[in-house]
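Some notes on the structure that comes next.
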Amino acid sequence: MISEVKLFKKGVVDTYFFPEPYLRPLLVHVFNNRSNLKEEIEIQNKGKISCALSLFFKQKISLRNDLIYNKAENLGLEGIDFERTIVTQKVISIPIVCVVRGYFTQSFGTAFEKGKSWTQGLSIEESAQVNDKLNFPIFNLKTNGTSCSKEQAMKYLSLYLEGREIKDISAEDLYLMMRKNSLLIYKEVSSFSENKGLAILDTRLEFGLEKSTEGNFELIWKGEGITPTTTRFYDKINRRILNEDPIKKSKNINESVIEEVSNNYKIVFERLFA
């Protein structure tokens, strides 16, 4: 039973720790229908759609990730919806979020105008309008939910590596690896989605480290993956963002608002798998 394994993390995705007799610890991720903005709100089929998208892109992109398989029933667990469940390996988590922006959004424009530190050194065309595609994707890191400059990120990564006593990799090397892999993921996902009429305005990515038998550390793409929770899909046909913004912007969250959000997830799913 799922109740017999240890709850590792609770949230939009509930994660359970599955220990021995397996050779390495496993994590069982159950994607919920809960809104990432208000957990008391249930969004129809969100869990199944998010699980399917996360699984699809992690299998599609040729990059090391934490995915082992999506057949949670192979673990002998009961009481969970296997259509909302994937199994991953447990890696050394890096507590920092990578962000890739491919379009000029209103929030990015505001930060750029205010001269936020993480936007320093960027050059944006004066004629750029909201939802215009940038000449090249922009990468930056977030710590504690706040975007930071490369210099700030380097200090944070240095402290992280020192705290973990990881000496075989430098903060600079780790930053460059995360940047390279984040841009690779964004470009592949964006190319696929654009052909389906969906633009990727920006996306949040998580990584971890795995130590090989030779003692070297390898960067692993971990976490939820590409879903409307982590990624802002923009419907180029109907000119609107497909995420949970209606909940965020609504003063009166009624059934029609929740149905609109549910429909946003459905549109992303149907468009990508058409």
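The values are calculated or read from the model by the stated rules, or taken from the named source; none is laboratory data. Note that the structure is a prediction, hence the values are computed from the model and not measured. When we count neighbours, we look across all protein chains shown, and the Cβ atoms used for this are built from the backbone with ideal geometry, even at glycine.
Here are the numbers for the structure shown:
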quantity: Output for the stretch 26-57, where each listed residue is surrounded by fewer than 21 Cβ atoms within 10 Å (Cβ to Cβ) and charged (D, E, K, R); calculated: ARG34, LYS38, GLU39, GLU40, GLU42, LYS48
quantity: Of the criteria (1) assigned to a helix (DSSP H, G or I); (2) surrounded by 15 or more Cβ atoms within 10 Å (Cβ to Cβ), which one LYS180 fails; calculated: (2)
quantity: Filter result for VAL268 (outside the structural domain of GLY102 (by TED's automatic domain parsing), at pLDDT 95 or above, under 23 Å from ASP132 (Cβ atoms) and in contact with an Asp or Glu (Cβ under 9 Å, 6 or more places away or on another chain)); calculated: yes
quantity: Within the stretch 185-232, considering residues that are of a type in the set (Phe, Trp, Tyr) and assigned to a strand (DSSP E or B), the one farthest from the chain's Cα centre (by Cα); calculated: PHE217
quantity: Residues of the stretch 119-149 classified as under 24 Å from the mean Cα position of the chain (by Cα) and surrounded by fewer than 18 Cβ atoms within 10 Å (Cβ to Cβ), total; calculated: 14
quantity: LYS211 exposed (fewer than 15 other Cβ atoms within 10 Å of the Cβ) and touching a Phe, Trp or Tyr at 6+ places or on another chain (Cβ under 8 Å); calculated: yes
quantity: Residue in the stretch 132-140 that is among the polar types (S, T, N, Q) and within 24 Å of LEU63 (Cα to Cα) present; calculated: yes
quantity: Any hit, the stretch 107-118, residues being buried (at least 19 other Cβ atoms within 10 Å of the Cβ), farther than 18 Å from GLY208 by Cα and in the same structural domain as SER191 (by TED's automatic domain parsing); calculated: yes
quantity: Residue in the stretch 175-185 that is among the hydroxyl-bearing types (Ser, Thr, Tyr) and farther than 23 Å from GLY145 by Cβ present; calculated: no
quantity: Enumeration of residues in the stretch 242-259 that are in contact with a strand residue (DSSP E or B) (Cβ under 7 Å, 6 or more places away or on another chain) and either exposed (fewer than 12 other Cβ atoms within 10 Å of the Cβ) or within 13 Å of LYS38 (Cα to Cα) (or both); calculated: none
quantity: Those residues of the stretch 159-203 which are polar (S, T, N, Q), modelled with pLDDT under 95 and touching a helix residue (DSSP H, G or I) at 6+ places or on another chain (Cβ under 7 Å), in sequence order; calculated: none
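Residue-wise test of (1) in contact (Cβ under 8 Å) with a residue 12 or more places away in the chain; (2) hydroxyl-bearing (Ser, Thr, Tyr); (3) more than 30 Å from GLU194 (Cα to Cα).
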residue: ALA128; (1), (2), (3): yes, no, no
residue: THR143; (1), (2), (3): yes, yes, no
residue: LYS150; (1), (2), (3): yes, no, no
residue: LEU176; (1), (2), (3): no, no, no
